[in-house]
Amino acid sequence: MTNETLQTIHSRRSCRAYKPQQITDAELDAVLEAGTYAASAMGRQSAKIVVVQDAATRAQLTRMNAAVMGADSDPMYGAPTILVVLADAHANCAVQDGSLVMGNLMLAAASLGLGSCWINRAREEFDSAEGKALLKKWGIEGDWIGVGHCILGYPAAEPKPAAPRKPDYIVRV
């Protein structure tokens with residue numbers, strides 16, 4: 001059995017090469033709205049999505065993320081949009097709530113023909129003094145956990161096909 005949603009789930013792949021052209025506001029709004037409809041523990045909506053499209057802030061996040069890795073490469077793969085997903089540090093299921101937002105963002109992007117990829121190390125970035133200063137600059141008060149970055153853009157290359165699923169992925173009891 002298959003439908004459009006299942007087809008999107010089957011075909012979505014992480015994109016690691018982007019065209020420099022910025023996505024449209026309508027595409028961005030659709031992806032963001034999907035993120036806001038992610039399931040959350042007790043419906044508390046503990047996550048927050050920060051949209052970063054300006055070159056200076058993208059460069060700062062890229063530099064911070066690369067420093068956590070101990071590298072000088074571009075961990076954001078040149079994506080023109082970075083969505084930073086944060087979660088309320090005092091929520092019992094903060095990371096789970098933020099992870100569900102990340103999943104919705106990536107599936108929505110795929111459904112629109114956009115490339116996306118989950119970029120890690122947001123926790124370390126926003127645990128740092130520089131990260132906390134960014135949150136303050138953005139007007140985000142309180143204690144927040146960096147869950148991930150959902151990078152977005154138009155793919156510069158066709159994604160590789162999915163690897164075969166491992167045989168013991170599902171255990172029925």
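The values are calculated or read from the model by the stated rules, or taken from the named source; none is laboratory data. These numbers come from a predicted model, not from an experiment. Cβ placement follows ideal geometry from the backbone for every residue including glycine, while neighbour counts extend to all protein chains displayed.
Numbers for the structure displayed
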quantity	calculated
All positions within the range 14-28 that are more than 18 Å from Pro75 (Cβ to Cβ), hydrophobic (A, V, I, L, M, F, W, C) and surrounded by 14 or more Cβ atoms within 10 Å (Cβ to Cβ)	Ile23, Leu28
Candidates Gly43, Gly98, Gly78 - the one that is within 14 Å of Gly148 (Cβ to Cβ) and small (Gly, Ala, Ser)	Gly98
Total residues in the range 1-40, condition over 14 Å from Cys150 (Cα atoms) and in contact with a Cys (Cβ under 7 Å, 6 or more places away or on another chain)	0
Counted residues, the range 82-102 - those being surrounded by fewer than 19 Cβ atoms within 10 Å (Cβ to Cβ) and among the small types (Gly, Ala, Ser)	2
Qualifying residues in the range 29-64 (those that are surrounded by 14 or more Cβ atoms within 10 Å (Cβ to Cβ) and part of a loop (DSSP other than H, G, I, E, B)) - the one modelled with the lowest pLDDT	Gln45
Number of the exception - Ile9 against (1) hydrophobic (A, V, I, L, M, F, W, C); (2) more than 19 Å from Val85 (Cβ to Cβ); (3) modelled with pLDDT of 95 or more	(3)
Checking Asp72 against (1) of a type outside the set (A, V, I, L, M); (2) buried (at least 19 other Cβ atoms within 10 Å of the Cβ); (3) at pLDDT below 95, the condition it does not meet	(2)
Hits in the range 135-160 (condition: more than 17 Å from Ala47 (Cβ to Cβ) and either hydroxyl-bearing (Ser, Thr, Tyr) or surrounded by fewer than 21 Cβ atoms within 10 Å (Cβ to Cβ) (or both))	Lys136, Lys137, Tyr154, Pro155, Ala156, Ala157, Glu158, Pro159, Lys160
Checking Met69 against (1) free of Cβ contacts under 8 Å to residues at least 60 places away in the same chain; (2) in contact with a Leu (Cβ under 6 Å, 6 or more places away or on another chain), the condition it does not meet	(2)
